[in-house]
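Accompanying notes for the structure given below.
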Amino acid sequence: MDKRGKFIVLDGMDGSGKGTQLTLLQEKLAGQNVLFTREPGGSPKAEDIRKMILQTGGPASNAVCDFFLFWAARGSHVQDVVAPALEQGTPVLCDRYDSSTYAFQIFGEQAREAEWLKGMFAQIRNGLPAVYKPDLYIVLDLPAEVAFERRAKDQAQEKSKFDIKPLEYHQRVREGFKQFAAEFGSTQFVDANRTPEEMHADIWGIVEKALG
Ligand code: TYD
């Protein structure tokens, strides 16, 4: 019998309400043996890399550099934190994962190297040990314009260098998540242009079923 814990990712555009949904899931699953973790970050080394990637005002980066930094952080996070938990039978709920790398670094950035990065992504992903591959991605989907307004209103939230990209960037990120689902499967979209309670009802239904 496969005793491996389920690996579930919650992802979506900046401003999709993901943070609120994670808090609601944490409340719902309080006291249960579920590991909540996040990317970029989730292990000490990956948290170091997170600071390097997300800082505003530091040295300039680019899509290729970020692509590999996100994968480097992921290597530390999965080897040191996610895989040991899954192997002990603990389900893992991860805030963002490689779906974000695909949507932001490839589709959002549209760098000259985008086609090459797409090929690299497929190659990395297809060769990955099974423990790196989530059982399910839940992607919160909404028009980029609505997400943009939400981000503008949310003064309390610290803005990363991706938050402050123009609307067209986030429109491409939305398309990137759709392409990710078409290419790699295992993805369910949740309409994020609704109240947090409505979204939570759908997300909880999906998570409860996945956790079995
Ligand atoms: P964070 O402050 O964690 O924001 P959020 O609450 O929106 O998740 O910042 C993470 C940022 O990094 C977010 O803008 C998405 C981006 N990102 C990528 O561009 N590629 C990736 O592979 C990952 C994991 C995140």
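Some notes on this structure:
- Conditions (1) at pLDDT 95 or above; (2) touching a Gly at 6+ places or on another chain (Cβ under 7 Å); (3) exposed (fewer than 15 other Cβ atoms within 10 Å of the Cβ): number failed by LYS3: (1)
- Within the stretch 89-99, the set of residues being within 10 Å of the ligand (Cβ to nearest atom) and open to solvent by 10 Å² or more (accessible area, probe 1.4 Å) comprises ASP95, ARG96.
- Selected residue [among the polar types (S, T, N, Q), closer than 24 Å to PHE68 by Cβ and surrounded by fewer than 17 Cβ atoms within 10 Å (Cβ to Cβ)] from GLN179, GLN188, GLN155, GLN105: GLN179
- Test: residue in the stretch 104-114 that is within 26 Å of VAL207 (Cα to Cα) and within 13 Å of the ligand (Cβ to nearest atom): yes
- Looking only at the stretch 24-73, and only at residues there that are within 15 Å of the ligand (Cβ to nearest atom) and either loosely packed, with under 12 Cβ neighbours inside 10 Å or under 17 Å from GLU208 (Cβ atoms) (or both), the one that is farthest from the chain's Cα centre (by Cα): GLY58
The values are calculated or read from the model by the stated rules, or taken from the named source; none is laboratory data. Note that the structure is a prediction, hence the values are computed from the model and not measured. All Cβ positions, even for glycine, are placed from backbone atoms using ideal geometry, and neighbour counts span all protein chains on display. These area figures cover heavy atoms from the full protein model, side chains too; ligands, DNA and RNA do not enter into them. Shrake-Rupley method; radii C 1.70, N 1.55, O 1.52, S 1.80 Å.
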